[in-house]
1. Please go through the range 15-40 and give me each residue that is in contact with an Asp or Glu (Cβ under 6 Å, 6 or more places away or on another chain) and over 20 Å from residue 281 (Cβ atoms), ordered by number.
2. Applying the selection to the range 218-260, what residues are more than 21 Å from residue 136 (Cα to Cα) and either among the small types (Gly, Ala, Ser) or surrounded by fewer than 19 Cβ atoms within 10 Å (Cβ to Cβ) (or both)?
3. For residue 111, only one of the following conditions fails: (1) surrounded by fewer than 16 Cβ atoms within 10 Å (Cβ to Cβ); (2) without any contact (Cβ under 8 Å) to a residue 60 or more places away in the chain. What is its number?
4. Considering every residue within the range 236-243, establish whether at least one is under 22 Å from residue 181 (Cα atoms) and aliphatic (A, V, I, L, M).
5. Quick one: is residue 150 closer than 22 Å to residue 165 by Cα, among the polar types (S, T, N, Q) and in contact with a helix residue (DSSP H, G or I) (Cβ under 6 Å, 6 or more places away or on another chain)?
6. Just to be sure I understand, how many residues within the range 87-103 are assigned to a helix (DSSP H, G or I) and touching a residue at least 60 places away in the same chain (Cβ under 8 Å)?
7. If you check every pair at least six apart or on different chains, which have Cβ atoms under 7 Å apart with a residue in the range 308-325 that is more than 12 Å from residue 292 (Cβ to Cβ) and buried (at least 23 other Cβ atoms within 10 Å of the Cβ) first and a residue that is among the charged types (D, E, K, R) and modelled with pLDDT under 95 second?
8. Is there any pair linking a residue in the range 257-275 that is closer than 15 Å to residue 305 by Cα to one that is surrounded by fewer than 18 Cβ atoms within 10 Å (Cβ to Cβ), with Cβ under 6 Å and at least six apart or on different chains, and which?
Amino acid sequence: MSKLFLDAIAQRPVARRPLWLMRQAGRYLPEYRELRKEYSFEQLSDSAELACEVTLQPLRRFKLDAAIIFADLMSPVAALGIDVRFAPGPVVDEPLTSRAQIEALPDPAQQDIAPQVAQALTMVKPHLDQNCALIGFAGAPLSIAAYLVQGGSKKSFPALRALAQSDELAFGRLMERLTRTCALYMKAQVEAGADALQIFDSWGGIFSLTDWRRLIRPHIEVLLQETAATGVPRIFYLQNGYHLLDDVLQLPADAFSLDWRVDLAALRAAGHTMTLQGNLDPAILLAGPEVTHKLTLDLMNSIPKQGHLVNLGQGLMPETPIASVQAMLDAVHSEPAG
């Protein structure tokens, strides 16, 4: 049976738009919070069995059109010999601050890059409805590098931007290593059963357009070229990068996931025909199910069905009401066929 999610990405005719949600598995679910009483976040993401369980939790509640494997953006970096802890966000106690550290990073084999994620994908697949797609993912090289150089989350990641300007060679080598590692990581996910891939560039907007073109875009293009050989569609997610948008939409991705700051209807009016994903503001769900239902319908009415995947502009927030998620689902399922 053809999967609605994959048909929509390819812009084949669909009865309705597909829906899945970034961070659909996580802290807003009571069953996830129960697991967290017993296991740390690291334990959940490092265990294939536990990651499988967390991935499936939202599918038991909601008739979503895709599952996304539960893992962390930083999962691949263990293969580079880098330790990451969570407090609660990623913390690197020994950040990469010199060219020598960067040049000493190993070149890991595919089977050594977060193998538990591929194992979890293999375990999840048999539990999915035949019309439910399975999404693998990786962080974009820039978004991973931001934590490795800064040592943790900090607004606009000044240490990363400083490295890019003070030692462009070292910055480039770090991006090259992360690009290759992420490409192998995603290839392994497809081999384990992923039907599609999403690349999360959560911090893509921290560079100016000029610097992004020179320092970042070449590596994203390589990553997309390398993953094209997997044969599955690739979605590129950009957050807070409106100033980059015209250039980003020229990347060789199969779909683009954009945050709520971008007017999808305006993109269509301007003649952009590529598949778009998003982009409801996740804060809207905090306003309750009635508001969520209405604004989901408003989003769908603003943009034609063809080539649109309904999602949020960022991940679900921990305090999101279950009823709001169901309201969003009900709105999507109410779309008339044809």
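The values are calculated or read from the model by the stated rules, or taken from the named source; none is laboratory data. Keep in mind that what you see is a predicted model, and the values were worked out from it rather than measured. All Cβ positions, glycine included, derive from the backbone under ideal geometry; neighbour counts span all protein chains shown.
1. 16
2. 218, 240, 241, 242, 243, 245, 246, 247, 249, 250, 260
3. Against the list (1) surrounded by fewer than 16 Cβ atoms within 10 Å (Cβ to Cβ); (2) without any contact (Cβ under 8 Å) to a residue 60 or more places away in the chain, residue 111 comes up short only on (2).
4. The answer is yes; a qualifying residue exists.
5. Here the answer is yes, as residue 150 does meet what is asked.
6. Residues in the range 87-103 being assigned to a helix (DSSP H, G or I) and touching a residue at least 60 places away in the same chain (Cβ under 8 Å): 3 in total.
7. none
8. These pairs meet every condition: 265/302.
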